[in-house]
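No value in this document is a laboratory result; all are computed from the given coordinates. Just so you know, these numbers come straight off a predicted model, no measurement behind them. Cβ placement follows ideal geometry from the backbone for every residue including glycine, while neighbour counts extend to all protein chains displayed.
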Amino acid sequence: MSEDERQIRELIRHWVIAVHGGDLATVLAGHTEDLVVFDVPPPYDGVRGIEKYQRIWPPFFDWQASGAKFELVALEVTAGIEVAFAHALLRCGTPDELAANPDNRLRLTFGLRKESGRWFIAHEHHSFPHE
């Protein structure tokens, strides 16, 4: 594993832990100011910019406080010199949702840029399979 891949894996793992813990400051850290996010809930044309990205998390944290899981299952990383992408699968749901559909996975894709020797998430795409 390359050093770049290791750094990206660490960045994403920390992000997952922060999301599950409701730690907004750490969720935001490691993202670019011009971030673009396509999330499961609307808006359908995505969220652009770190300030708007910050606003999507409180409702998710409230839902997650009901006992929902946000657990990394798989992570693949492909890193170039200045850009990289990663895709991940997570168990994301309440205990009842996961019991009813234990194989359902949240699918995440990340686009990353290397700036001043450090990796930053510039794009996120979150989706669930459509039943």
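Helix-only estimate, please: 222 nm mean residue ellipticity of the chain, summing -39500 (n - 2.57) across DSSP H runs of length 4 or more and dividing by its residues, to the nearest 500.
-10500 deg cm²/dmol
Please list, in order along the stretch 114-131, the HN-Hα scalar couplings obtained from phi with the Karplus expression 6.51 cos²θ - 1.76 cosθ + 1.60 (θ = phi - 60°), rounded to whole Hz, x for Gly and Pro.
Rounded to whole hertz, the list is 9, 10, 6, x, 10, 8, 9, 7, 10, 8, 10, 10, 10, 7, 10, x, 8, 6.
Roughly how many debye, to the nearest 20, is the charge dipole of the chain about its Cα centre, given +1 on each Lys and Arg Cβ, -1 on each Asp and Glu Cβ, and no other charges?
Dipole of the chain, to the nearest 20 debye: 120 debye.
Suppose each label sits 7 Å from its Cα in the direction of the beta carbon; what would the Ala29-Asp62 distance come out to in nanometres?
Each label point is offset 7 Å from its Cα along the Cβ direction, giving 2.7 nm.
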